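Since the structure comes first, as structure tokens, the remarks are kept for the end.
The values are calculated or read from the model by the stated rules, or taken from the named source; none is laboratory data. Just so you know, these numbers come straight off a predicted model, no measurement behind them. Backbone-built Cβ (ideal geometry, glycine too); neighbour counts: all protein chains shown. For the accessible areas, the whole protein counts, side chains as well, though only heavy atoms, and no ligand, DNA or RNA atoms are used. Shrake-Rupley method; radii C 1.70, N 1.55, O 1.52, S 1.80 Å.
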Amino acid sequence: MATITEKIGYALGDAAAGGITWKIMSIAFPFFFTNVFGLSLADTAALMLIARMFDVITDPMMGTIADRTQSRWGTYRPWLIFGAIPYGLVFALLFFTPDFGPVGKRVYAYTLYLLMMVMYTMVNVPYGSMLGVMTDDDNDRNQFSSFRMCGAYAMGFITLLSFPYLQKMIGGSDQNQYAVLGAGFGALAAAMTLACGLMTKERLKPQRAEKFSFKQFADLFKNIPWVYITLMGVCTNFFNGFRYAVAAYLIDYCLGGDITIGSLIINYTVLMAFGEVTCMIFGGVSPKFTEWVGSKRMAFVWSSVICMVLSIAFFFIPQDPAYIWVIVVMVVLTSVGVGLYSPLVWSMYADVADYATEKNGESSTGLIFSSGTMAQKFGGAVSGSLIALLLGLAGATMIKDEMGNESIDPASITESVKTMVWALFSLFPAAIAAIMTVLAYKFPIKK
């Protein structure tokens with residue numbers, strides 16, 4: 001039986017990955033690259049798409065390597081223990097804007113972004129896979145998943161809420177603010193990842209496939225539950241990816257910039273922080289909700305319906321800063337659904353890994369969980385890439401400053417661009433939530 005200390009330790013892993021690095025990358029990167037770093041919309045879109053093609057190779061490769069790791073620290077934990085510091089360092093460097101020309105900046109951004117994806121894979125694939133070897137008790141797994149998501153959303157709330165205040169405190173140029181914040185959050189993520197590796201235990205021994213074989217990859221596509229959960233994982237990250245990546249544009253273009261109410265600054269990070277605390281609360285409620293509904297599958301169905309209906313409703317809110325509290329309330333209510341389904345995804349991956357072991361006679365836990373990490377990165381980055389492309393199609397154009405750096409031309413932000421931003425935050429995620437509902441309803445494992 002796992003202790004509460006171990007569950008908190010496990011939560012720290014996703015507090016680092018989901019609450020700091022991935023949260024900042026999802027919500028800040030499209031805006032950072034186009035409005036601070038100086039990449040064009042086309043370069044930003046291409047960067048994120050290329051990185052996703054790269055992940056198709058690195059994520060499953062990391063899964064198979066992790067499955068075959070043997071050490072005094074276990075199978076998956078050593079990757080967190082020894083990967084923590086490089087992980088935080090690369091994240092910090094990614095938010096540094098070098099004094100290079102346009103070509104040099106492209107090379108720097110592409111190199112560091114791809115390296116960050118490698119580091120994220122090297123740490124997060126083993127982290128997710130640990131759930132399959134820490135316990136074989138279904139209730140314990142649901143609790144570990146719930147702690148994991150509570151950790152991610154609690155830290156996400158702290159990260160996003162503090163972001164504008166830390167920027168103001170740091171001062172100087174936008175480039176300086178992001179560089180300092182990248183260093184600080186990178187150090188914190190490294191410390192939390194290391195603590196996770198040291199505070200957790202691997203109780204179960206995987207049935208190892210010592211020799212590499214492409215048969216494991218072929219077996220994945222014969223595993224129908226894996227196909228469903230991977231598609232569901234992609235959809236959940238598309239849903240979140242659109243909303244987080246477009247939030248900065250929504251505040252800047254549709255609402256006229258940051259909104260100050262007394263001492264509260266509502267910018268794009270604070271807006272989404274309201275959703276983070278809601279996700280944290282309902283991530284904790286998720287195991288009880290699952291018991292009440294009767295199965296993980298139906299709990300996922302109902303949480304997806306909540307996301308779909310409320311996302312459609314959001315589209316009809318006027319694009320006016322006077323409605324900011326209506327917007328905040330809708331973000332909070334939509335996050336109820338996100339909070340309920342988020343722990344279910346990883347618990348269902350563990351069920352799929354058990355199913356694969358029983359069917360094939362050998363463990364492919366790391367390989368199966370790697371597809372969850374790949375789905376996360378694919379959904380988040382492709383949504384960010386599509387946003388850059390769709391804003392361009394709606395009429396947004398780029399201008400260059402005297403140094404040759406590019407940013408979106410404020411004069412090109414027409415009503416069609418604003419409507420596209422509003423739809424990317426509402427109607428596009430609603431369509432994704434509808435697909436999630438169907439996939440969850442048809443998921444073959446009925447636990």
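Answer yes or no: is there a residue in segment 161-184 that is modelled with pLDDT under 90, touching a helix residue (DSSP H, G or I) at 6+ places or on another chain (Cβ under 6 Å) and over 20 Å from MET25 (Cα atoms). No, because not a single residue in segment 161-184 is modelled with pLDDT under 90, touching a helix residue (DSSP H, G or I) at 6+ places or on another chain (Cβ under 6 Å) and over 20 Å from MET25 (Cα atoms). Can you confirm whether THR357 is modelled with pLDDT under 90, surrounded by fewer than 18 Cβ atoms within 10 Å (Cβ to Cβ) and assigned to a helix (DSSP H, G or I)? Against the criterion (modelled with pLDDT under 90, surrounded by fewer than 18 Cβ atoms within 10 Å (Cβ to Cβ) and assigned to a helix (DSSP H, G or I)), THR357 qualifies.
In segment 292-335, which residues are in contact with a Cys (Cβ under 8 Å, 6 or more places away or on another chain) and of a type in the set (Val, Ile, Thr)? Spell out the reasoning first.
Restricting attention to segment 292-335, the residues satisfying the condition of being in contact with a Cys (Cβ under 8 Å, 6 or more places away or on another chain) are 319, 334-335.
Answer for segment 292-335, where residues must be in contact with a Cys (Cβ under 8 Å, 6 or more places away or on another chain) and of a type in the set (Val, Ile, Thr): just THR334.
Within segment 146-162, residues that are of a type in the set (S, T, N, Q) sit with their Cβ atoms under 6 Å from residues that are open to solvent by 20 Å² or more (accessible area, probe 1.4 Å) and assigned to a helix (DSSP H, G or I), at 6+ positions apart or across chains, in these pairs: SER146/GLY284; SER146/PRO287; THR159/LYS23.
Of MET155, MET169, all but one fail to be buried (at least 17 other Cβ atoms within 10 Å of the Cβ) and not basic (Lys, Arg); the exception is MET155. Step by step: first the residues of segment 412-447, then only those that are in contact (Cβ under 8 Å) with a residue 40 or more places away in the chain, farther than 12 Å from PHE242 by Cα and not in a helix (DSSP H, G or I), then the one that is most open to solvent (accessible area, probe 1.4 Å). Which residue is that? Looking at residues that are in contact (Cβ under 8 Å) with a residue 40 or more places away in the chain, farther than 12 Å from PHE242 by Cα and not in a helix (DSSP H, G or I), I get LYS446.
Any chance you could count how many residues in segment 5-37 are modelled with pLDDT under 80 and small (Gly, Ala, Ser)? Residues flagged as modelled with pLDDT under 80 and small (Gly, Ala, Ser) within segment 5-37 amount to 2. Considering segment 125-146, the residues that are among the charged types (D, E, K, R) and surrounded by fewer than 23 Cβ atoms within 10 Å (Cβ to Cβ) include one that is nearest to ALA183 (Cα to Cα), namely ASP140. Does segment 314-327 hold any residues that are open to solvent by 10 Å² or more (accessible area, probe 1.4 Å), part of a helix (DSSP H, G or I) and in contact (Cβ under 8 Å) with a residue 40 or more places away in the chain, and which are they? Scanning segment 314-327 gives a single hit, PRO321. With the requirement that a residue be within 16 Å of VAL125 (Cβ to Cβ), of a type in the set (Val, Ile, Thr) and within 25 Å of the chain's Cα centre (by Cα), what does segment 51-89 give you? Within segment 51-89, VAL56, ILE57, THR58, THR64, ILE65, THR75, ILE81 meet the criteria. Take the conditions under 19 Å from ALA195 (Cβ atoms) and more than 15 Å from the chain's Cα centre (by Cα) and apply them to SER40. Does it pass? Spelling it out, it is not the case that SER40 is under 19 Å from ALA195 (Cβ atoms) and more than 15 Å from the chain's Cα centre (by Cα). The helices (runs of 4 or more DSSP H) falling completely within segment 1-100 that include 1 or more residues that are crowded, with 24+ Cβ neighbours inside 10 Å and either at positive phi or polar (S, T, N, Q) (or both) map to 22-32, 41-67. So the check is Cβ under 6 Å with 6+ separation or different chains; which pairs have a first residue in segment 225-239 that's crowded, with 24+ Cβ neighbours inside 10 Å and a second one that's not in a helix (DSSP H, G or I)? Going by the 6 Å Cβ cut-off, there are no qualifying pairs. Tell me, please, whether a residue that is assigned to a helix (DSSP H, G or I), among the aromatic types (Phe, Trp, Tyr), modelled with pLDDT of 85 or more and more than 30 Å from GLN143 (Cα to Cα) can be found in segment 244-251. Scanning segment 244-251 turns up at least one residue that is assigned to a helix (DSSP H, G or I), among the aromatic types (Phe, Trp, Tyr), modelled with pLDDT of 85 or more and more than 30 Å from GLN143 (Cα to Cα).
Just one of the listed residues (MET149, MET122) is within 16 Å of ALA189 (Cα to Cα), surrounded by fewer than 24 Cβ atoms within 10 Å (Cβ to Cβ) and touching a Gly at 6+ places or on another chain (Cβ under 7 Å), and it is MET122. Scoring MET330 on the criteria (1) open to solvent by less than 10 Å² (accessible area, probe 1.4 Å); (2) touching a helix residue (DSSP H, G or I) at 6+ places or on another chain (Cβ under 7 Å) leaves a single failure, condition (1).
For segment 101-113, residues that are more than 19 Å from ALA16 (Cβ to Cβ) and surrounded by 17 or more Cβ atoms within 10 Å (Cβ to Cβ) total 4. Could you tell me whether segment 267-289 includes any residue that is open to solvent by 10 Å² or more (accessible area, probe 1.4 Å) and part of a loop (DSSP other than H, G, I, E, B)? No - not one qualifying residue is present in segment 267-289.
Within segment 308-344, can you find the residues that are modelled with pLDDT of 95 or more, aromatic (Phe, Trp, Tyr) and under 18 Å from TYR244 (Cα atoms)? Residues satisfying the conditions are PHE314, PHE315.
The residues in segment 128-137 that are part of a helix (DSSP H, G or I) and either among the β-branched types (Val, Ile, Thr) or at pLDDT 90 or above (or both) can be counted, and the count is 1.
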